[in-house]
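Chemist: Before we start, here is the structure in question, set down as structure tokens.
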Amino acid sequence: MTQDRETARALDHGQVCYLQLTAADRERAAAFYAAVFGWQTGTHYPDFESPGLIGEWVEGRRPARDAGPAIWLAVADMNATLDQVTRYGGEILEPPAPDGPTRTLATIIDPEGNPIGLAAHTPSRQ
């Protein structure tokens with residue numbers, strides 16, 4: 001991954017363009033996000049690339065379950081994703097629950113202790 005990828009894509013004003021996730025063990029964090037969400041991770045640098053966003057693993061900063069911003073990731077299949085989460089060392093903090101007619105939400109804790117929201121969307125029936 002290079003900085004050229006970030007500068008090559010157009011960014012809208014106010015768009016989230018970079019993410020830092022705390023990680024006591026960068027390799028464990030990279031393996032979890034690659035396995036569960038298909039993120040590409042760097043082998044020589046503490047970075048990753050997810051759909052539409054790049055970022056890095058940050059060591060030396062503690063995760064904050066009850067404070068700070070929250071990230072929500074779109075998932076295609078909530079149940080399959082939650083199976084992957086637990087298989088790769090994460091925990092389900094809040095089980096799936098409907099949020100309106102076309103969205104289901106759940107919250108997990110990744111192996112590094114970071115809370116991550118999951119959102120599954122189903123097409124509305126017309």
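None of the figures in this text is laboratory data; all of them are computed from the coordinates on show. Keep in mind that this is a model prediction, so the values were computed, not measured. All Cβ positions, even for glycine, are placed from backbone atoms using ideal geometry, and neighbour counts span all protein chains on display.
Chemist: What is the local net charge at I109, summed over the other residues whose Cβ is closer than 13 Å to its Cβ (Lys, Arg +1; Asp, Glu -1)?
Modeler: Summing Lys and Arg as +1 and Asp and Glu as -1 gives -4.
Chemist: Further question on the same structure: Compute the length gained on full extension between R65 and E94: take 0.36 nm times their separation in residues and subtract their Cα-Cα distance, giving the result in nm to one decimal. The partial results should precede the final answer.
Modeler: Working: separation 29, 0.36 × 29 = 10.44 nm, distance 1.25 nm.
Roughly 9.2 nm would be gained on extension.
Chemist: Separate question: Can you work out the PRE-style zone for R28? Point 7 Å along Cα to Cβ, and I want the residues of region 79-103 with backbone N under 13 Å.
Modeler: Counting backbone N atoms under 13 Å from the label point, the list is 88-91.
Chemist: Within the set of other residues whose C-beta is less than 15 Å from the C-beta of V85, count the net charge using Lys and Arg as +1 and Asp and Glu as -1.
Modeler: That sum, taken over residues with Cβ under 15 Å, equals -4.
Chemist: May I ask for the net charge around E59, where only other residues with Cβ less than 15 Å from the Cβ of E59 are counted and Lys, Arg are +1 while Asp, Glu are -1?
Modeler: Neighbourhood net charge equals -2.
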